[in-house]
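Right, one structure below, let's go through it.
The values are calculated or read from the model by the stated rules, or taken from the named source; none is laboratory data. Just so it is clear, the model here is predicted, and its values are computed rather than measured. Quick reminder, even Gly has a Cβ in these numbers, built from the backbone with ideal geometry, and neighbours come from all protein chains shown.
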Amino acid sequence: MRDYGQQDMTEGWQQIRLAEAMSLNIDQIPVDPATAYSLAGVYSFGRGLFTRGSLIGSATSYRYLHLLHRDQFVMSKLKAWEGAVAIVTESFDGAVLSPEFPTYDVNTKVVLPAFLSLVTTIPRFWDALAAQSRGIGGRKVRVHQLALLEVQIMLPPLDAQRRIVDLIGAVYDAIDAASKFGHQVSVLVRALRETGLAAGKVTSLGDLIWSIDAGKSPSAEHRMPKSAESAVLKVSAVRPGWFDAREVKTLSSTEMFPEAASLRDGDLLITRANTRELVGSVCRVVSAPARYFLCDKTLRLNPREELVSADYLLEALQSEDARRQIENAATGTSGSMKNISQDSIRALRVPVLDRPEQDAWATTVRGARELERSAAALISELQLLRSTLLSDLLSGQHEIPNTYDALLSA
């Protein structure tokens, strides 16, 4: 018998074996060689079920398959130790899995399937499953279908379960809404950028800049600098479209850095080395921290302001065509790290609007992009809230008061 954390619980909660909340019930169907089955799979780490496509009976050596029914609990015997368990949702009702996936009927008089689904998403539950695994290495590591029933969980009364499910569901809904909004804004950003640039006259980037400045990469400590200390940028300080001042290393000396390597307000930076997707990323430094320096993989572009603004180049170099040029020009045998030379950067072809039009266009695109970034930040905050709420509410130490029901009815 295994629990996943003994601790003081709120009134009405109890620690039970899963055998008290569900029972093994496998709907085993014989494989018909002429039948096409909807094959499912179970993600690890409590991420639910996924579709694996259609399976023709003649294409499998299994004589039997397991038929899924809505609200059942299903487990991968091979991967249960890393949280490959799920509740069957309506969209997977009637799908099949191999005999390596036992199924269980949930006793809804004891536990709500939706509450049990939340339990499958927390690391403490995965640890309890891992403790039930048997075997050494690879496919030999598995959880027996009856061993699962010995795992213990902390269970509140049904009313409290409903409140927890409802509250966490509201957070999920907010994450979903924010994700949809973020996607819509991303589409808007791309549309604004691509349609605006279509009217520009194509010019080599080298004709639009005075120079390119580079820094150095001396040995440094992997920590943020303290007051009066100096720092050198990591390549990760240049995010696509924005600058992350936290991505630095602390320097013991700045003697090797030329003055041109100092970070300045308004700098337009581009990375010369990174993965294929990130090499050539650009950003602007709105307010440069004191005593920060460029590294050898972060370059500063110095625009000819009478021809092009830094804000305009920031947006133009994030266009789909610019990204294609950068990725095609990137060299290197490593699959994880590519490089683009200063000559290749100068050779990039950039559509340029008339100078009076650039500022208004760049301001519009930047505003949409900032909204896109705000949506991404909101999603991250909501995901953290969901994780924190789950941990707190499923611990048995916190509960949602009865007044929550009155609030909902109102």
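Pairs under 7 Å by beta carbon, first residue on the phi > 0 side of the Ramachandran plot in the range 29-57, partner among the polar types (S, T, N, Q), six or more apart or different chains?
Gly46/Thr120; Gly46/Thr121
Among the residues of the range 391-398, are any in a helix (DSSP H, G or I), closer than 19 Å to Leu208 by Cβ and touching a residue at least 12 places away in the same chain (Cβ under 8 Å)?
Checked against the condition, which is being in a helix (DSSP H, G or I), closer than 19 Å to Leu208 by Cβ and touching a residue at least 12 places away in the same chain (Cβ under 8 Å), the range 391-398 yields no hits at all.
When you scan the range 322-361, how many residues do you find that are over 20 Å from Ala273 (Cβ atoms) and in contact (Cβ under 8 Å) with a residue 12 or more places away in the chain?
Count: 9.
Among Ala290, Ala377, Ala360, Ala368, which is over 23 Å from Thr195 (Cα atoms), out of contact with any Cys (no Cβ under 6 Å at 6 or more places or on another chain) and outside any loop (DSSP other than H, G, I, E, B)?
After applying the criteria, what remains is Ala377.
Sort out which residues of the range 204-234 are closer than 22 Å to Gly266 by Cβ, polar (S, T, N, Q) and surrounded by fewer than 19 Cβ atoms within 10 Å (Cβ to Cβ), and write them in order of number.
Of everything in the range 204-234, just one residue is closer than 22 Å to Gly266 by Cβ, polar (S, T, N, Q) and surrounded by fewer than 19 Cβ atoms within 10 Å (Cβ to Cβ), namely Ser211.
Suppose we keep only residues that are touching a residue at least 40 places away in the same chain (Cβ under 8 Å) and either over 29 Å from the mean Cα position of the chain (by Cα) or within 13 Å of Ser217 (Cα to Cα) (or both) within the range 238-257. Which one would you say is surrounded by the most Cβ atoms within 10 Å (Cβ to Cβ)?
Looking at the filtered set, the residue picked out is Val248.
Scanning for something part of a loop (DSSP other than H, G, I, E, B) and either surrounded by fewer than 15 Cβ atoms within 10 Å (Cβ to Cβ) or of a type in the set (Lys, Arg) (or both), does the range 181-195 turn up at least one residue?
No, because not a single residue in the range 181-195 is part of a loop (DSSP other than H, G, I, E, B) and either surrounded by fewer than 15 Cβ atoms within 10 Å (Cβ to Cβ) or of a type in the set (Lys, Arg) (or both).
Which of the strands (runs of 3 or more DSSP E) contained wholly in the range 1-86 include at least 3 residues that are assigned by TED's automatic domain parsing to the domain that holds Val151 and modelled with pLDDT of 95 or more?
Strands (runs of 3 or more DSSP E) meeting the threshold: 22-24, 27-30, 36-42, 49-56, 64-67, 73-75.
Here are Phe50, Phe73, Phe92: which of them is crowded, with 22+ Cβ neighbours inside 10 Å, farther than 16 Å from Gln145 by Cβ and aromatic (Phe, Trp, Tyr)?
Phe92
Could you say which residue among Leu129, Leu39, Leu97 is over 24 Å from Asp166 (Cα atoms), surrounded by fewer than 20 Cβ atoms within 10 Å (Cβ to Cβ) and hydrophobic (A, V, I, L, M, F, W, C)?
After applying the criteria, what remains is Leu39.
Suppose the filter is under 28 Å from the mean Cα position of the chain (by Cα) and surrounded by fewer than 15 Cβ atoms within 10 Å (Cβ to Cβ); does Gly169 pass it?
Yes.
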